[in-house]
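**Student:** Here's a structure for you.
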Amino acid sequence: MPKSRTTRPAVGPRQLHPGAWWLWALGLGAAASRTTNPLLLLLLVAVAGYVVVTRRGDAPWARSYGTFLRLGLLVIGIRLVFAVVLGSPVPGTHVLVTLPQLPLPTWAQGVRIGGRVTAEGLLFALYDGLRLGALLVCVGAANALASPARLLRAMPGALYEAGVAVVVAMTFAPNLVADVQRLRAARRLRGGTDRGVRAVLGVGLPVLENALERSVGLAAAMDTRGFGRTADVPPRIARTTAALTLLGLLGVCVSAYGLLTADGAGWALPLLLLGLASAAGGLILGSRRAVRTRYRPDPWTLREWSVAGSGVAAAGLMVWLSSRDPGAFAPSLVPLTAPRLPLLPALAALIGLLPAVTAPTPPRSAS
Amino acid sequence: MITFDQVSVQYHDTAEPALRGVDLTIPEGELCLLVGPSGSGKSTLLGTVSGLVPHFTGGVLHGRVTVGGRDTRTHRPRELTDLVGTVGQDPLAHFVTDSVEDELAYGMESLGLAPEVMRRRVEETLDLLGLAELRGRAPSSLSGGQQQRVAIGSVLTTHPRVLVLDEPTSALDPGAAEDVLAVLQRLVHDLGTTVLMAEHRLERVVQYADQVLLLPGRGEPPVLGEPAEVMAGSPVHPPVVALGRAAGWSPLPLSVRDARRRAAPLRARLDGRTPPPPAVATGEAVADVDRLAVRRGPVPALRGVRLALHAGEITALMGRNGAGKSTLLSSLVGLHRPTSGTVRVGGLIPHQARPKELIRRIGLVPQDPRDLLYAETVAAECAAADRDAAAEPGTCRALVSRLLPGIDDATHPRDLSEGQRLSLALAVVLSSRPGVILLDEPTRGLDYAAKERLIEILRSLAAESHAILLATHDVELAAELAHRTVILAEGEIVADGPTPQVVLSSPAFAPQVAKILAPSPWLTVPQVVNALATEAAS
């Protein structure tokens, strides 16, 4: 009997491998994190937005992109409010307004509420908020193109259970929002108002109760469906797995500290490699405990390479260019200058558009 | 296949055991129906089979439950996955993945089956349950009946020998319920699966059962036997059994078809008589919906609905899942803004009115009454309701005593049974004396006794000239209670008229008695019993 195909076919409309989308999005995010140039950041956001619009499916999670956009705007807004109220570390000469300053006791020296609001300070906050917002939008793009639950399917066996915990936590938030809406409507039915902070706070306890009940219900459902079944492995192997993973993680942490403080550059890199190897060994051994198999995994073809590659290339080029021409990546605030769009980094950001052409169109199934 | 050996279950915070003295065997390949009043331990019994009791719920399990030779005390639910498939009351709580196909494969992945086997079984199951069209859809985007079928499919792929279902059709419209039951029939017939199923809506399921397991509650021992025998003495029974008992048929018929074959003499006795004509609403219109259209997201939920509610009239709103029933109720209380058309309730426009004023005119008991209750005790809930309604202190408590006699002030609303909770929510809504009362799916999860009480309460409220609108899938409830029935489909009203006319003209919405005694216009068992009594008297 010929063996039937077990991966999904790589022709026709299909879902791209979720790992490729997440690599691409994280690449764009890494690129965004290197710069505070608003033109470059807006370009990166536009690139991510264009790819999402051309290549997202019609599943419920694909609509989450708008939420992330709003979240990004909110981050910028909060950053600006803080800059106005608490002042800014950037020394500035262009005073826009002077707010009444709150007198604070001497022990609160260094903290300022109110006072001068300068154009430099506001712009600094805006650029900084924009960078954070761009990062959020990149994560949102990945979320809209490949839901975290699909990414979970591609996890190695040993990480699966940790991954489930993450995914359950991520679905917790939307459910919470739905609960709050329902209970606010119910408050209106009792004659209370459904607007304002008090209405939201008033439903807090019932919402938490609901959320807890739902979590227990989900845990029960998953258990009855075999989640957490493990194969019997000799205790010696189980102990070795735990030791390898723990040592590996410790090694990675210590070496990361060494790398960041810059005085342990000599020993940190070898230790990092050793730690990674040890952790990988632990994961491989740990996979022997997992009995899971995978139903129709997504194939990894040239298209996946091109999508993931475009993200990684954009990030790599940005990092390289930013070390060569830091001025273009962080427009000067003191003195104030208008930001300009540097040609080469802009081209690097445009590489991120590749998936709009090379990624397969998603199947239209949900209606 | 399933053996209970002197099983009893005691939860920590209760004085009485939830289940006791269960000592019986359910043979392989049977469809066993578990019946009994609320609180008699049905869910607990199902839990002992799937291993959720005591592993997930806590409590102490005495005795021994074995399924296919495995003791559920020593095997955790995950170690029974290949043997027992469990589907709970709410299919949405059951879903783990985000597409139908992955959902079907999930259990097999956990078991570590070979990819080729998984692929084949997923395709087989898609065909078996008629889900092939939906394979790429997200489970949360499906209708209630489809979700229930996906939930059943997701546990079938591991080829369990036992299927445990808790109220699989309670939330479904009659058509979707038929689909789900047809699937279960097929499993029992073709695959020899043993099915253990708890259900309140006996009129839908009892004719499919091979065995009925009755938990009478109040400490009486469980009874397992032939459906007709058990039904003869059961405190919970469908209308067809009630009619059979009233007419003195033996053995009792369980399906409409069996009853029809017996009913010729009864039809002859009733010939020439008609049920008393339904009361015609004389009250004024207290709520008026005119050419109402509502969009929810991209979907039009209501299109051009016209409806007037009259004081003293009970109206049943029926239609399949997703037909727009809940949207219509929500629009009446101002939770949705009309896209076009108008809603007026006692001179107010609901979505613009202040909630404090609106609740004096109209009140809604939502599908889950718990949404409406947020206090820690019944007494606190009543006090809060009086404050919300600006009513005399004690108003709500007096209503609770009337609707729910003998309830303790200190009880937590969550510890009440479904029926008690519904009554409490109704009392809260009534505290502000609204002229219009809306109920969304009030009989979901209610046993027959609780339903009887609800019918009495609603009748007396209508007699006090409240206008009542209830959205329901329960055709028996509509036939017994409603003066008028409105049927919605795709957001439009497709039938609106006196209940006998509407339900008799549609097989999907006709109650069992009407099907048995057609073409005579009898709807309910009490009507027939009254007619027979007057015949005997004259």
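**Student:** Rounded to a whole number of µm²/s, how large is the Stokes-Einstein D of the stretch B:387-538 at 20 °C and 1.002 mPa s, given Rh as the Kirkwood radius over C-alpha pairs?
**Tutor:** Approximately 123 µm²/s, per Stokes-Einstein.
**Student:** With a 1.4 Å probe, what is the total accessible area buried between chains A and B, in Å² rounded to the nearest 100?
**Tutor:** Result for this pair: about 4800 Å² buried.
**Student:** Still on this structure, please answer the following. First obtain the Kirkwood hydrodynamic radius of the stretch B:427-489 from its Cα pairs, then insert it into the Stokes-Einstein equation at 20 °C and 1.002 mPa s, and state the resulting D in µm² per second as a whole number.
**Tutor:** Rounded, D is 173 µm²/s.
**Student:** Sticking with this one: Past 24 Å, Cα to Cα: identify those pairs from B:K356/B:K451; B:K42/B:K325; B:K451/B:K515, in the order given.
**Tutor:** Result: B:K356/B:K451; B:K42/B:K325 exceed 24 Å.
**Student:** Please sort by residue number the GluC sites (Glu not before Pro) in the stretch B:441-519 whose DSSP state is loop and whose Cβ has at most 12 other Cβ atoms within 10 Å.
**Tutor:** B:E464
**Student:** Rounded to the nearest 20 Debye, what is the dipole magnitude of the stretch A:9-165 about its Cα centre when Lys and Arg each give +1 and Asp and Glu each give -1 at the C-beta?
**Tutor:** 240
**Student:** Also: Please get the size of the charge dipole for the stretch B:49-183, origin at its Cα centre, with Cβ charges of +1 on Lys and Arg and -1 on Asp and Glu, quoted in debye to the nearest 20.
**Tutor:** 600
**Student:** Moving to a separate point now. How big is the shadow of the Cα convex hull of the stretch B:142-268, averaged over all directions, in nm²?
**Tutor:** 9.1
**Student:** Return the long-range amide H neighbours of B:L439 (sequence gap of 5 or more, or a different chain), with a cut-off of under 5 Å between placed amide H atoms.
**Tutor:** Counting only residues 5 or more places away or on other chains, the set is B:V365, B:L469, B:L470, B:A471.
**Student:** Go ahead and set up a Gaussian network model of chain A, Cα springs under 10 Å, then flag whichever of A:R225, A:R14, A:R188 fluctuates most.
**Tutor:** Ranking A:R225, A:R14, A:R188 by mean-square fluctuation puts A:R188 first.
**Student:** Report ³J(HN,Hα) in whole Hz for each residue of the stretch B:11-22, in order, from the Karplus equation J = 6.51 cos²θ - 1.76 cosθ + 1.60 where θ = phi - 60°; Gly and Pro get x.
**Tutor:** Taking θ as phi minus 60°, the curve returns 8, 5, 8, 10, 7, 8, x, 5, 8, 8, x, 8 Hz for the stretch B:11-22.
**Student:** List the residues, sorted by chain then number, that are 5 or more residues from A:M155 or on another chain and whose placed amide H is less than 5 Å from its amide H.
**Tutor:** Here nothing satisfies the definition.
**Student:** In chain B, if the dipole is taken from +1 on Lys/Arg beta carbons and -1 on Asp/Glu beta carbons about the Cα centre, which of B:V436, B:V513, B:L477 is farthest to the positive end?
**Tutor:** Of the candidates, B:V436 comes out farthest on the positive side.
**Student:** Here's a follow-up. With +1 on the Cβ of every Lys and Arg and -1 on the Cβ of every Asp and Glu, and nothing else charged, how large is the dipole of the stretch A:91-165 about its Cα centre, in debye rounded to the nearest 20?
**Tutor:** Roughly 80 debye, rounded to the nearest 20.
**Student:** Further question: Quick check for you: with a 1.4 Å probe and neighbouring chains kept, what is the accessible area per residue of the stretch B:413-537, in Å²?
**Tutor:** Each residue of the stretch B:413-537 exposes 34 Å² on average to a 1.4 Å probe.
**Student:** Would you work out which of B:A287, A:A169, B:G419 lies farthest towards the positive end of the dipole of the protein assembly as shown, given +1 charges on the beta-carbon of Lys and Arg and -1 on that of Asp and Glu, about the Cα centre?
**Tutor:** Towards the positive end, the residue furthest out is A:A169.
**Student:** So if each residue of separation counts as 0.36 nm, and I subtract the Cα-Cα distance between A:S332 and A:L344, what length gain in nm does that give?
**Tutor:** Length gained, A:S332 through A:L344: 2.4 nm.
**Student:** Quick one: compute a quarter of the convex hull surface over the Cα atoms of the protein assembly as shown and quote it in nm².
**Tutor:** 46.8
**Student:** Rounded if a/c is under 1.5, else prolate if a/b beats b/c, else oblate: with a ≥ b ≥ c from the C-alpha gyration tensor eigenvalues square-rooted, which is the stretch B:472-538?
**Tutor:** Judged from the Cα gyration tensor, the stretch B:472-538 comes out prolate (a/c at least 1.5, a/b above b/c).
**Student:** Something else now. Mind checking the angle between helix A:119-145 and chain A's longest principal axis? C-alpha axes, 0 to 90 degrees, to the nearest 10.
**Tutor:** 20
**Student:** From the square roots a ≥ b ≥ c of the eigenvalues of the alpha-carbon gyration tensor of the stretch B:109-161, which class results: rounded (a/c under 1.5), prolate (a/b over b/c), or oblate?
**Tutor:** prolate
**Student:** Return, in residue-number order, each cysteine of the protein assembly as shown whose C-beta is not under 4.7 Å from any other cysteine's C-beta.
**Tutor:** So far as the 4.7 Å Cβ criterion goes, A:C138, A:C253, B:C32 stand without a partner in the protein assembly as shown.
**Student:** If one computes P(r) from the Cα atoms of chain B, what percent of pairs lie at distances over 32 Å?
**Tutor:** The calculated P(r) of chain B puts 49 percent of pairs beyond 32 Å.
**Student:** In a GNM of chain A with a 10 Å cut-off on Cα contacts, which of A:L43, A:L189, A:L145 has the highest mean-square fluctuation?
**Tutor:** A:L189
**Student:** A:W300 versus B:T25, label points 7 Å from Cα toward the beta carbon: distance in nm?
**Tutor:** So the two model labels end up 5.4 nm from each other.
**Student:** OK, next. Round to a whole angstrom and tell me the spacing of the C-alpha centers of the stretch A:301-356 and the stretch A:12-32.
**Tutor:** 16
**Student:** Please state, rounded to one decimal and in Å, the Kirkwood hydrodynamic radius that chain A gives when every pair of distinct Cα atoms enters the mean of 1/r.
**Tutor:** 24.5
**Student:** Pull up all non-local amide H partners of B:L31: gap of 5 or more, or a different chain, and H-to-H distance under 5 Å with H placed in the peptide plane.
**Tutor:** When sequence neighbours closer than 5 places are left aside, the close amide H contacts are B:V195, B:D210, B:Q211.
**Student:** Using every Cα-Cα pair within the stretch B:324-417, state what percent have a distance larger than 23 Å.
**Tutor:** I get 36 percent for the Cα pairs in the stretch B:324-417 exceeding 23 Å.
**Student:** Right, another one. Measuring from label point to label point, each 7 Å out along Cα→Cβ, what is the A:D232 to A:I113 span in nm?
**Tutor:** 6.6
**Student:** Report the residue, chosen from A:G110, A:G316, A:G19, that carries the largest GNM mean-square fluctuation when chain A is represented by alpha-carbon nodes joined by springs under 10 Å.
**Tutor:** Its mean-square fluctuation being the largest, the pick is A:G110.
**Student:** Let me ask something additional. How many percent of the accessible area of the stretch A:1-125 is carbon or sulfur, using a 1.4 Å probe?
**Tutor:** That fraction is 70 percent.
**Student:** Where only protein heavy atoms count, and the probe is 1.4 Å, what is the accessible area per residue for the stretch A:44-188 in Å²?
**Tutor:** Computed with neighbouring chains in place, this is 51 Å² per residue.
**Student:** How many nm separate the modelled label positions at A:Y257 and B:H62, each set 7 Å beyond the Cα in the direction of the Cβ?
**Tutor:** 5.7
**Student:** Can you classify the stretch A:212-288 as rounded, prolate or oblate using the Cα gyration tensor, where a ≥ b ≥ c are the square roots of its eigenvalues, rounded means a/c under 1.5, and otherwise it's prolate if a/b beats b/c and oblate if not?
**Tutor:** oblate
**Student:** Follow-up. Enter the accessible area per residue of the stretch B:231-359 (Å², integer; probe 1.4 Å; all protein chains in place).
**Tutor:** Spelled out: the 1.4 Å probe surface of the stretch B:231-359, per residue, equals 48 Å².
**Student:** Same structure, new question: Select from B:V230, B:S255, B:L266 the residue farthest towards the positive end of the dipole of the stretch B:223-273; place +1 on Cβ of Lys and Arg, -1 on Cβ of Asp and Glu, and compute about the Cα centre.
**Tutor:** The residue sitting farthest along the positive end of the dipole is B:L266.
The values are calculated or read from the model by the stated rules, or taken from the named source; none is laboratory data. This is a predicted model, so every value here is computed, not measured. Note that each Cβ is placed from the backbone with ideal geometry, even for glycine, and that neighbours are counted across all protein chains shown. The accessibility values were calculated without ligands, DNA or RNA, using every heavy atom of the protein model including side chains. Shrake-Rupley method; radii C 1.70, N 1.55, O 1.52, S 1.80 Å.
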